[in-house]
Protein chains: 4
Amino acid sequence: MLPFLTMKQMRTAVFGASGYAGGELMRLLARHPSMQLERAFAKSLAGAAVSSVHAWSDEGAVFEEFSSADEIEAEVCFLALPHGESMEIAPALLDRGKIVIDLGGDHRLKDRALFEKFYNKPQTSGAILDEAVYGLPEWNADAIRAARFVANPGCYATSVILALAPLLVEGMIEPDSIIINAMSGVSGAGRKASIEYSFAEVNENVKAYRIGDHQHIPEIETVLREISEQEVKITFTPHLIPVTRGIYSTICAELSGAFSESDVQAAFQKHYSNKPFVRLPTSIPEIRRVTNTNFADIYARVLPERNQVIIISTLDNLVKGAAGQAIQNMNLVCGFPETEGLL
Amino acid sequence: MLPFLTMKQMRTAVFGASGYAGGELMRLLARHPSMQLERAFAKSLAGAAVSSVHAWSDEGAVFEEFSSADEIEAEVCFLALPHGESMEIAPALLDRGKIVIDLGGDHRLKDRALFEKFYNKPQTSGAILDEAVYGLPEWNADAIRAARFVANPGCYATSVILALAPLLVEGMIEPDSIIINAMSGVSGAGRKASIEYSFAEVNENVKAYRIGDHQHIPEIETVLREISEQEVKITFTPHLIPVTRGIYSTICAELSGAFSESDVQAAFQKHYSNKPFVRLPTSIPEIRRVTNTNFADIYARVLPERNQVIIISTLDNLVKGAAGQAIQNMNLVCGFPETEGLL
Amino acid sequence: MLPFLTMKQMRTAVFGASGYAGGELMRLLARHPSMQLERAFAKSLAGAAVSSVHAWSDEGAVFEEFSSADEIEAEVCFLALPHGESMEIAPALLDRGKIVIDLGGDHRLKDRALFEKFYNKPQTSGAILDEAVYGLPEWNADAIRAARFVANPGCYATSVILALAPLLVEGMIEPDSIIINAMSGVSGAGRKASIEYSFAEVNENVKAYRIGDHQHIPEIETVLREISEQEVKITFTPHLIPVTRGIYSTICAELSGAFSESDVQAAFQKHYSNKPFVRLPTSIPEIRRVTNTNFADIYARVLPERNQVIIISTLDNLVKGAAGQAIQNMNLVCGFPETEGLL
Amino acid sequence: MLPFLTMKQMRTAVFGASGYAGGELMRLLARHPSMQLERAFAKSLAGAAVSSVHAWSDEGAVFEEFSSADEIEAEVCFLALPHGESMEIAPALLDRGKIVIDLGGDHRLKDRALFEKFYNKPQTSGAILDEAVYGLPEWNADAIRAARFVANPGCYATSVILALAPLLVEGMIEPDSIIINAMSGVSGAGRKASIEYSFAEVNENVKAYRIGDHQHIPEIETVLREISEQEVKITFTPHLIPVTRGIYSTICAELSGAFSESDVQAAFQKHYSNKPFVRLPTSIPEIRRVTNTNFADIYARVLPERNQVIIISTLDNLVKGAAGQAIQNMNLVCGFPETEGLL
């Protein structure tokens, strides 16, 4: 354990603090008993009051512009930056011995070719890419506890991997039969000036997007392959719907045997009964049950005449899908209780 | 042709006129050049002003309570009633020689056992059930033209059947591989007092419902089997989302050969290029493009590495999914141009 | 009457065709029996398909960049441009003999000092400013019929002036006692990339803006002074609410005598009973009753113990508050029936 | 101090636990360090899981039917019942020595004639009506600390009284010049099956209601008269808007002298600088800044040319407008810190 890990109050810096995930991080850190927010970096809004952007904020704090890793005193750095930006900052922070939790996509895929294909830019972090640990605590807690560099999963990816991993590990579904339809609230697109996400365009509307080429496809396939030790192939269609927060994934897969709903439920119980942030409700999940929480709700129904299972998985894209999970990861890295500041 | 079919102005009666589909019917009839609304029946609101329910209405008209088929002078009767109610009224209306367009589900399934399984009540219309013609004009126009009793299709069913029929008929997809996720606006549940559909419950929320047992499943399977002359099996999961109007269906099916996107597009063109209410946009459909119109927008993408096609189909549940299609059917029955009053 | 006013089909050009008001104009013109859309100018989107912006549009038409007034063959030009842009184009168009309907604010105020104070820019149109006729047909129809240059009123202004003018003209309210609270849907801010109007900021939110300095204040005060021949002073607070379309104005004024609700109603009847687009409902207005229509609904309640009247006025900001009223004006200028293409 | 007030954990019972305010109470109590929820009464849902209604709830708890005050062991009873029901239960509870916080309207008005006029039913509580203390802690904390029966203020009333009291007490506004326009989210109408509050009716809509006769009018006038020792007369128009939570009040009043914005701001500072739940932001308030918090945000702008002040006051109707304020009151009654469990 590094010396500063004994400190009661860890100090943190948030990069990309003006975005929705950055703001949610700051809100959660403010009530975390063992953390103290030290710096809030937001390039485009340096000098502006945090409260001018984040409704919950007191009027005091001000966004800063980041200049150099040498000036950071905080022990933990959260990177909530647009894709492609954390790989420019993370190496220097790690070099100065910081714990880094990257909420962006830059370090989730070890395969640089795959990254470049789905993110349309080169992956340039160098050696640190191999060091990044995929931060899905329900499946990777030991590695996270030993890590100092965590790649926080994508929001859709968290929702889908949590839903599928138990059934794949138990050999209950065919790994190439998976069809996923998912919906996301608008905050998932980030806080940005865009006609596409303006109220008058999104309200009373639904639109699928990035059919077959969303960047979470390789993330889901790679992680599920590693967890279940078999090739996994998914069909994934995301949709933008008129809600602010929430992911709702509806997944269909072929059963690899005559499994009943109880069998499926038993598999979920086996893997999640001691996981504090996965709930297994007995009725169909709703987004509002997870809004503003770090919970993922997972539910399954077997269709015997079709030999299929329908799995529904829902979470708040800004909490379990981003900032909450980042803090859950930080709790593990720093040796705090996994749920600290999150219940 | 029956004698009254030569009249310039046909008279119509709407049963269930206080509901959303009934209201939409009245609105569309009001601007139809060859139709005249004569009676608006709404049991629970008899005596109330139509304008107290339907925002677009002038202040004059009043809902009536239906007493007897003998009193109806209108040549055309639209039944926009809760499931189970039109089978009580339709026989007498047909007996008096009325043209009947039933927007409910009572006469869509010829198989009474199937009806009772999915609607949870017996089908009691008697002989007229066999007479009902399924009113999907894009696939059944000749039979509709010859009919005087039309079973108007369900909203989800219209959306899904239009999307799948061309590819099934052309033998391009496997008929037992179909996975459908669909979303509906709240008006699809009808106009009723219910906590479940109240704003505070639906807003910022999503919920799947009737997984695997929705009453449109047998309708879709039966109609697609008849159209494509093969057994068709679907997995169908509907979702309630916070929009007022619209159906958005995202369908995944396995290709039965190495078909390209052009092949798929050619199949749609072949069957729909001369159909006035099916559009084949070149970009991903959005609900707002079809809102308040009788159009269904259908779009497909082939995923070669998965050997699958993703088809997206969207329509307004109250227009092409209910009242608009009912008028389209009536136009065919009465010998008016198919698009009259609908563009 | 100018020679081209005898033509059955007038040709029109829309400037600012990619905005919400421009799009609504095109949609309404497409179904106008005596008008034909010839050109759709949209600087920033020249070359793009109209259907890529406006959901209702067919896929054929393309936005163009405007180069010179000499190239316009259309007899009627609608300017749906950001404030400050129509005064650069209108003079040349008028010079070529075009009929010009300006939907922007540039020519609504004859007092250049007032314009510069509220619009923060100089008014530079030159002599044509005096020629512009304020296009509120319910109060100015004769002047509009004789005009070839119309300044189309603001959306809030239309809503408020229609509500107050009858009571001011009849001397029933104190002209310096008027307190107006108004709400607008988001489309009123125009189609633009802006964090402020993004779904995640507007949904589940309300915010007042431009308290005491909104540019419609001098427009309302000036027009009401001219109509009622007395000084009028208003307090006006606009609010942004999470709806796409609609203006809802709630107005409180002191009665100048012991007038009853019937007296107030009689004043409205006197001025509006023969006006096709003003309705006087007998129950409290709702936005959805006017959505997608050119109607303004006006309703009043007298509070005898307070000696006040509450007037509620609602309209669709894109129709009666912009494009619909522009066509109503054009109908008057061109000698068409006032309601043509609008019912 | 009563003996049980020394206990570390107080026990509470919630009546009307299935409603929105009841649910919010339970959610807040669950995280209150000194309170323990013992009973959740909900007549119509007795036996149902709390989680079937309240999304945030764990799956264990069950609603009960209340039978007799003798069976209640809890020291504190919250009544979150429809108007008219708490006066039937409160006497027996007070008789058994319970602390009672009534969130309904039954005990806010001491004047029985006024109650009957605005609530359309007789006030039948008997002697306890005089004992009820109006629970607005910012103006009545001493009386609340000494009370065991608190009438929790209405949501609109809280918003309006907090906005006006400082300026009335300081003699800065004319007490008969007050014009209030307020908007409420749909949860303010309670959790009930009603077409009026269904999503398809409320979405994309606005509607004023109870113009001039809302039951919060006498509450506001009475309380402001008591606080400021002068007759106060208001004009109050509430509106239903398509948000789930939030009250937004925009108030106009005539200044009684040449007061500047600084003068007004100083009056607010004088009365609220040490009040933990009133914030005085420097920019125009927004609902989302107070959602899910117990804060009221108050802001004022002086219009010198009109000699008026515009005051904007916003809060979450379910928190500061109901359950949060109820707990704030309970904290005072029980001797806990005022903010306990609320920050």
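The values are calculated or read from the model by the stated rules, or taken from the named source; none is laboratory data. Note that the coordinates shown come from a computational prediction; the quantities given were computed from them, not determined experimentally. Reconstructed Cβ throughout: ideal geometry from the backbone, glycine too, with neighbour counts over all protein chains shown. Accessible surface is based on the protein model in full, side chains and every heavy atom, while ligands, DNA and RNA are left aside. Shrake-Rupley method; radii C 1.70, N 1.55, O 1.52, S 1.80 Å.
For the range B:296-322, enumerate the residues that are out of contact with any Gly (no Cβ under 8 Å at 6 or more places or on another chain), away from chain A (no Cβ under 12 Å) and either assigned to a helix (DSSP H, G or I) or farther than 16 Å from B:Lys275 by Cβ (or both).
Those that are out of contact with any Gly (no Cβ under 8 Å at 6 or more places or on another chain), away from chain A (no Cβ under 12 Å) and either assigned to a helix (DSSP H, G or I) or farther than 16 Å from B:Lys275 by Cβ (or both): B:Val319, B:Lys320, B:Ala322.
What is the one condition in (1) surrounded by fewer than 22 Cβ atoms within 10 Å (Cβ to Cβ); (2) at the interface with another protein chain (Cβ under 9 Å from one of its Cβ atoms); (3) of a type outside the set (Asp, Glu); (4) closer than 19 Å to D:Ile211 by Cβ that C:Thr250 does not satisfy?
(1)
Restricting to the range D:171-184, and then to whatever is touching an Asp or Glu at 6+ places or on another chain (Cβ under 8 Å) and either under 30 Å from D:Ser18 (Cβ atoms) or surrounded by fewer than 23 Cβ atoms within 10 Å (Cβ to Cβ) (or both), can you tell me which residue is farthest from the other protein chains (Cβ to nearest Cβ)?
The residue in question is D:Met172.
Would you tally the residues in the range D:323-343 being in contact with a helix residue (DSSP H, G or I) (Cβ under 8 Å, 6 or more places away or on another chain), aliphatic (A, V, I, L, M) and either under 15 Å from D:Arg11 (Cα atoms) or assigned to a helix (DSSP H, G or I) (or both)?
Within the range D:323-343, residues that are in contact with a helix residue (DSSP H, G or I) (Cβ under 8 Å, 6 or more places away or on another chain), aliphatic (A, V, I, L, M) and either under 15 Å from D:Arg11 (Cα atoms) or assigned to a helix (DSSP H, G or I) (or both) number 5.
Do you know which residues across the range C:204-224 are more than 7 Å from every other protein chain (Cβ to nearest Cβ), open to solvent by 30 Å² or more (accessible area, probe 1.4 Å) and either of a type in the set (Ser, Thr, Tyr) or touching a Pro at 6+ places or on another chain (Cβ under 9 Å) (or both)?
Matches in the range C:204-224: C:Arg210 only.
D:Glu201: within 13 Å of chain C (Cβ to nearest Cβ), open to solvent by less than 20 Å² (accessible area, probe 1.4 Å) and without any contact (Cβ under 8 Å) to a residue 24 or more places away in the chain, yes or no?
Taking the combined requirement at face value, the residue satisfies it.
I want to confirm something. Restricting to the range C:29-59 and keeping residues that are assigned to a helix (DSSP H, G or I) and away from chain B (no Cβ under 14 Å), which single residue is surrounded by the most Cβ atoms within 10 Å (Cβ to Cβ)?
Of all residues in the range C:29-59, those assigned to a helix (DSSP H, G or I) come to C:29-30, C:43-45, C:50-52.
Okay, now just the ones that are also away from chain B (no Cβ under 14 Å), so C:29, C:43-45.
Working: C:Leu29: 24, C:Lys43: 15, C:Ser44: 8, C:Leu45: 18.
Applying the filter and picking the extreme gives C:Leu29.
Within the range C:227-240, track down each residue that is out of contact with any helix residue (DSSP H, G or I) (no Cβ under 8 Å at 6 or more places or on another chain) and either under 17 Å from C:Gly105 (Cβ atoms) or within 14 Å of chain D (Cβ to nearest Cβ) (or both). Reasoning before the result, please.
Within the range C:227-240, the subset out of contact with any helix residue (DSSP H, G or I) (no Cβ under 8 Å at 6 or more places or on another chain) is C:229, C:237, C:239.
The answer is C:Thr237, C:His239.
Do we find that A:Arg112 is over 23 Å from A:Thr250 (Cα atoms) and within 14 Å of another protein chain (Cβ to nearest Cβ) in this structure?
The answer is no for A:Arg112.
Across the range B:69-109, what is the total count of residues that are over 17 Å from the mean Cα position of the chain (by Cα), assigned to a loop (DSSP other than H, G, I, E, B) and over 19 Å from B:Ala17 (Cβ atoms)?
Within the range B:69-109, residues that are over 17 Å from the mean Cα position of the chain (by Cα), assigned to a loop (DSSP other than H, G, I, E, B) and over 19 Å from B:Ala17 (Cβ atoms) number 2.
For the range C:273-295, name all the residues that are away from chain B (no Cβ under 12 Å) and in contact with an Asp or Glu (Cβ under 7 Å, 6 or more places away or on another chain).
C:Lys275, C:Pro276, C:Val278
Quick check on the range B:130-140. Is at least one of its residues more than 30 Å from B:Asn274 (Cβ to Cβ) and either open to solvent by less than 30 Å² (accessible area, probe 1.4 Å) or polar (S, T, N, Q) (or both)?
no
Residue check: is D:Asp106 among the acidic types (Asp, Glu), buried (at least 22 other Cβ atoms within 10 Å of the Cβ), over 21 Å from D:Lys233 (Cα atoms) and outside the structural domain of D:Val290 (by TED's automatic domain parsing)?
It is true that D:Asp106 is among the acidic types (Asp, Glu), buried (at least 22 other Cβ atoms within 10 Å of the Cβ), over 21 Å from D:Lys233 (Cα atoms) and outside the structural domain of D:Val290 (by TED's automatic domain parsing).
Just one of (1) touching a Lys or Arg at 6+ places or on another chain (Cβ under 7 Å); (2) open to solvent by 20 Å² or more (accessible area, probe 1.4 Å) trips up C:Thr158, so point out which.
(2)
For (1) of a type in the set (Ser, Thr, Tyr); (2) open to solvent by 30 Å² or more (accessible area, probe 1.4 Å), each residue gets a yes or a no:
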| position | (1), (2) |
| --- | --- |
| A:Ala258 | no, yes |
| A:Gln265 | no, yes |
| A:Asn274 | no, yes |
| A:Asn294 | no, no |
| A:Asn307 | no, yes |
| A:Thr314 | yes, no |
| A:Asn331 | no, no |
| A:Gly341 | no, no |
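Take the conditions of a type outside the set (Val, Ile, Thr), under 30 Å from A:Thr291 (Cβ atoms) and at pLDDT 95 or above and apply them to D:Gly104. Does it pass? Let's see the steps before the verdict.
Working: of a type outside the set (Val, Ile, Thr): yes; under 30 Å from A:Thr291 (Cβ atoms): yes; at pLDDT 95 or above: yes.
Yes; evaluated as a whole, the condition is true for this residue.
Which one of the conditions (1) open to solvent by 10 Å² or more (accessible area, probe 1.4 Å); (2) under 21 Å from D:Cys155 (Cβ atoms); (3) in contact with a Pro (Cβ under 7 Å, 6 or more places away or on another chain) does D:Glu231 fail to meet, given that it meets all the rest?
Every condition holds for D:Glu231 apart from (2).
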